[in-house]
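Working notes, structure below.
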2 protein chains.
Amino acid sequence: MSINVKKLRGRPRVFDMDEALDKALAIFWERGYEGASLAELTETLGINKPSLYAAFGNKEELFKKSLSRYTSGPVAFVRDVINEPTAYKVAERFLLNAAEFLTAKDHPKGCMIVQAALSSGESADMVKDLLIQYRYAYEHQLVLRFEKAKIDGDLPDDAKPKSLAKYLATLHQGMSVQATSGTSKDELLEIAELALENWQNKNKLSK
Amino acid sequence: MSINVKKLRGRPRVFDMDEALDKALAIFWERGYEGASLAELTETLGINKPSLYAAFGNKEELFKKSLSRYTSGPVAFVRDVINEPTAYKVAERFLLNAAEFLTAKDHPKGCMIVQAALSSGESADMVKDLLIQYRYAYEHQLVLRFEKAKIDGDLPDDAKPKSLAKYLATLHQGMSVQATSGTSKDELLEIAELALENWQNKNKLSK
DNA sequence: ATATTTATTTACCGATTGGTATTTAAATAT
DNA sequence: ATATTTAAATACCAATCGGTAAATAAATAT
């Protein structure tokens, strides 16, 4: 007897919730929060509205759950990046992974956290604020990592972790806009390399 | 008799078209193309829908006219920047002006060309493509300027105008996202300075 | 077999979307 | 004065928005 197969009462759900969330994620990613209509969502998920609402709450809840799936799946690399051994390696992996990810062909271009609700109507205010928090969250992860790098002697004493982190976050967000505009992976890699050369010139410590 | 005061037939328009465009611009800038509703537009302009349609065509036309006013007004500095005497000065003015402009207090944060239609529903596809063209347009202005700088001996022979231009455009677009997220002018200036220090390190020519 | 529980389906809701037809008002030309 | 021209105001349109009530279907518990 395998675990967790206790039969549940009631009519069984005919769709897989995780698969449905992946499809919803793709739409929110492409269209943004307001640009994704219930009609397109239900059509793509292959379920009708009452099923969607019973399973996920409402549009905003569905977005938040899609977003959780986004952060634990496609962009988990941001969490891994801070484990690189040096500040330079962190910056390198961050920018190179971003160039790759933002232009990958198996999902929408650009970063959902950057673009899903930048300018929008009032109805998206909650989501807009939530995404702002997420943006600061990954930037702050970089701040902490660069503060550690200073202690490690891995960055010069006059280095400013906050500025360095914001510089990388800003490049990432700009690269996201570029990717959505049609800029290729190779072009983004050139930008990343430009930024990284400069990084080395400035922080004359080891790679 | 002053020029151009020939009396026109018909009931005179009660509102000033340029003032109305400025108000429409502020809304599109803040809300984006889709996020700006006809209701909010007419209410803010102080006119009703038939007047708006008679004067400007439709929502998309109104957006395009607002956008023209944006490019000839608030962001005209991008056109001026390429007249700076050296490549470095161009980069400097571009980034410093951007930090100032994107966080100014007399208009919405961020750049309309970057954010007014990044992710959106199908109804905004035309506007989305138009804004992509505008983004490439100002990037291309920088490309031309840096090609000239190479000829002038103002940039090293191995400099890549396209990459440098895209690097600046990417920073600008990221700074726009940052400004919309609440980042201050001073924080953006720190990023600009970071990028400019690196610029000097890399292109070891004069300021 | 019946009751209970949960999901799906169909049909609908009020509000809002961008956009207009019709009427009324204000100016000039004759 | 009257006709003509243009704009403003009221009232309306079909389509779509996010969201739901009510009925039906499919599973398990007793």
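The values are calculated or read from the model by the stated rules, or taken from the named source; none is laboratory data. Quick caveat: nothing in here was measured; it's all calculated off a predicted structure. Ideal geometry is used to build each Cβ from the backbone, glycine not excepted, and the neighbour counts take in all protein chains shown. These area figures cover heavy atoms from the full protein model, side chains too; ligands, DNA and RNA do not enter into them. Shrake-Rupley method; radii C 1.70, N 1.55, O 1.52, S 1.80 Å.
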Distances in nm from A:GLU122 to the matching label points in the other copies, shortest first (labels 7 Å along Cα to Cβ): 2.9
Length released on extending from B:ALA104 to B:SER68, taking residue separation times 0.36 nm less the Cα-Cα span: 11.0 nm
Furthest towards positive pole of dipole, B:GLY110, B:ALA159, B:SER120, structure part segment B:76-202, Cβ charges: B:SER120
Selection from A:LEU41, A:ALA54, A:MET17 lying farthest towards where the dipole of segment A:17-71 points positive, charges on Cβ: A:ALA54
Cα-derived Rg over Rh, computed across chain B with Rh taken as Kirkwood radius: 1.06
Highest-MSF residue in chain A out of A:ARG93, A:ARG13, A:ARG69 [GNM, Cα springs under 10 Å]: A:ARG13
For A:185-191, mean number of other protein chain Cβ atoms within 10 Å: 3
Shielding by other protein chains, B:112-123, mean Cβ within 10 Å: 6
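Determine the share of the protein assembly as shown's accessible area contributed by carbon and sulfur atoms, expressed in whole percent, with a 1.4 angstrom probe. Intermediate results must be reported in sequence, preceding the final value.
Numbers: 10540 of 20740 Å².
Result for the protein assembly as shown: 51 percent of the exposed heavy-atom area is carbon or sulfur.
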Buried area at the B-A interface (accessible, heavy atoms, 1.4 Å probe, summed, Å²): 3700 Å²
Viscosity 1.002 mPa s, 20 °C: Kirkwood-radius Stokes-Einstein D of segment B:86-172 over Cα pairs, µm²/s: 149 µm²/s
Computed over segment A:75-202: relative contact order in percent, which uses C-alpha pairs under 8 Å that are six or more apart: 37 percent
Per-residue SASA entry for B:PHE15, accessible area with 1.4 Å probe, Å² rounded to 10: 40 Å²
Choice from B:GLN133, B:GLN173, B:GLN115 showing the highest fluctuation, given a GNM over chain B with Cα pairs closer than 10 Å: B:GLN133
Proximal lysine pairs, segment A:1-64, alpha carbons under 20 Å, eight or more residues apart or interchain: 5
Binned Cα-Cα distances of segment A:17-71, short to long, each 5 Å bin given as a whole percent: 5, 23, 39, 27, 6, 0
Estimated distance in nm for a label pair at A:ARG9 and B:ASP18, the labels positioned 7 Å out from Cα along Cα-to-Cβ: 7.4 nm
Taking only Cα atoms of the protein assembly as shown, radius of gyration then Dmax in Å: 23.9, 99
Centre separation in Å (Cα based) which lies between segment A:122-138 and segment B:12-43: 25 Å
Heavy-atom accessible area per residue - chain B, 1.4 Å, Å²: 50 Å²
Rounded accessible area of B:SER119 (nearest 10 Å², 1.4 Å probe): 30 Å²
